[in-house]
Amino acid sequence: MVYKNVDKTEETENSNLFLNSKSSSERQKWLIVGFDPGLTVGIAILDLSGNVIATKSCKEMARAEVIKFIISYGKAVLIATDVYPVPKTVRKLASTLNSKIYSPSKTFTVSSKTELVDSYLNEISSNNSPGNAHERDALAAAIKTYKHYQNKLQQIEKRTEKLGLTAEEVDEIKSMVIKDRPITSAIDDVLKIPEGKDDLEVQIEEMENDIESIDEEKLKGIEEAVRKLKYKIKSQERQIKNLKKKNKLLKRDVRHYKKKNSKLEDKIEKLHYEYSKDILRKKEISSKISIIKGLQEKYTHERALREKLEENLRSMKEIRVMELSEKAVPVKIIESFTREKIKEAMDYWTIKKGDIVLLSSSEGGGSQTASLLINMGIKAVMVVDKMSHPAEEEFEKNMVPVLDANKIDLEMIDEFAVIDKDVLDEEIENWKTSIETRRNKEERNQLLKVIDEYRAHRRRPSNGD
């Protein structure tokens, strides 16, 4: 709840206002007040019979205004909240109004508050519905508090039914019981029945002295006093009997619970022992599982490595067979024309001088990557796409044939390819012939260009002519 700034004078006036209201009417109506603190305050007021008297909400409402609104309907015996733990503002309000606080063991959910309010208003056929969430929360707290005390309040109504008490007097008894007074003591206090043997003897002596002057009105007063005293005696006898019975039951319960407690302690000790054993066993199992998982991962890795090596060995054997054959030549495949993939292929295939390699992709390769293959001493390189001009020039400069794989009949075997030796030799010769022809043509063109330039120079008149 957000209060306006209130100085000490206003606080004193608030307290005086409350005290004056207490003394102004001895039988003022007692109330259950639901209070929802916050920026917007919610207030809901119930009487001790569970009737909804009023609801209100206001933004930044000062404590003085809250108190004034509440005491305009009566005295607050209970301040109820739907929040746990109890907010500081609720404690301050209850202290100012000299009221008892009731709060739930845990904070209500929105759905439970809505269901409680709707159900209760329908039960008592009330049209006093809350206007907003703040009033609903305050009303839910008040209803929850009333239901907590409902059985005891109805018991008071039943016991006072034939005593001829007013509604205000019954509410007075209810307020005292809520403040932890026994029902019988509260009834006696309202009836003003004198307590103690000495007072009773004094009354009897007075009545004996005035017995001759007793008139009908006084006789009725005596009969009323006797009736009240008999009621008090019966009430106290009933209370004593109930207390004795309760004491006997409690003693029996104590014996029962002591025995039960002893069994539970034995059970707890046994469970603790079993729990400790179970923890140790689980730790041991967890450790073994961890070791097994490590071994399984290592085994899986080793098996994959072995399979890869076996595959590599098989391919190498097949390549070796091809190399020894006079008809077929193995072609070792490089995935892409990059340093990383060339290095991987070198490790995998053991590329050596005189090998034929196939580039699955020529993308990314330049003169430097071409130099890597040239330095290995490969016999020829096959491509399936267009190689970059710098790379192609580097191969031509070092007379390493670059063959178009799309025009050659290659046979794929597992991870490498095979080409007929005669076909390969023919393609290499064709490439060399093509290069030599192009170079001769370029040299002839160059020579003709030089001759043309020379002739043009001879035909040009000299400066001296």
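Values in this text are rule-based calculations from the coordinates and carry no lab data. Just so it is clear, the structure is predicted and the values come from calculations on it, not from any experiment. Because the Cβ atoms are built from the backbone with ideal geometry, glycine has one as well, and the counts that use them run over all protein chains shown.
Taking label positions 7 Å along the Cα-Cβ direction at both residue 430 and residue 346, the computed distance is 3.2 nm, reported to one decimal. Taking amide H atoms as placed 1.01 Å from N in the peptide plane, the amide H of residue 29 lies under 5 Å from those of 75, each 5 or more residues away in sequence or on another chain. Phi angles across segment 177-188 convert, under the Karplus curve 6.51 cos²θ - 1.76 cosθ + 1.60 with θ = phi - 60°, into 3J(HN,Hα) values of 5, 4, 8, 6, 8, x, 4, 4, 5, 5, 4, 4 Hz, Gly and Pro given as x. Applying 1/(1 + (r/R0)^6) with r as the Cβ-Cβ distance of residue 101 and residue 277 and R0 = 45 angstrom yields a FRET efficiency of 0.40.
What are the trypsin sites (Lys or Arg not before Pro) within segment 135-191 that DSSP puts in a loop, where the Cβ has at most 13 other Cβ atoms within 10 Å? Walk me through the numbers on the way to the answer.
Working: sites: 136, 144, 147, 152, 158, 159, 162, 174, 179; in loops: 162, 179.
Passing both the DSSP loop test and the Cβ count: 162, 179.
Rounded to the nearest Hz, the phi-derived 3J(HN,Hα) couplings of segment 225-233 under the Karplus curve 6.51 cos²θ - 1.76 cosθ + 1.60 (θ = phi - 60°) are 5, 4, 4, 5, 5, 5, 4, 5, 4, where x marks glycine and proline. Label positions at residue 440 and residue 459, each projected 7 Å from the Cα along the C-beta direction, are separated by 3.0 nm. Close amide-amide hydrogen proximity is noted between residue 331 and 417, 418, 419, each under 5 Å apart and 5 or more residues distant or on a separate chain (H modeled in the peptide plane; Pro and chain starts excluded). The lysines within cross-link reach of residue 263, meaning a Cα-to-Cα straight distance under 19 Å and a gap of 8 or more places when in the same chain, are 251.
Between residue 396 and residue 297, how high is the FRET efficiency from 1/(1 + (r/R0)^6) when r is the Cβ-Cβ distance and R₀ = 60 Å? Nearest 0.05. Rounded to the nearest 0.05, the efficiency is 0.75.
The residue 289 and residue 339 beta-carbon pair, evaluated with R₀ = 60 Å, returns a calculated FRET efficiency of approximately 0.90.
Along segment 280-294 the Karplus relation, 6.51 cos²θ - 1.76 cosθ + 1.60 evaluated at θ = phi - 60°, assigns HN-Hα couplings of 4, 5, 5, 4, 5, 5, 4, 5, 5, 4, 4, 5, 4, 4, x Hz to successive residues, with x for each Gly and Pro. Loop-located trypsin sites (Lys or Arg not before Pro) in segment 330-434 (DSSP state other than H, G, I, E, B) with a sparse environment of at most 10 neighbouring Cβ atoms within 10 Å: 353, 386.
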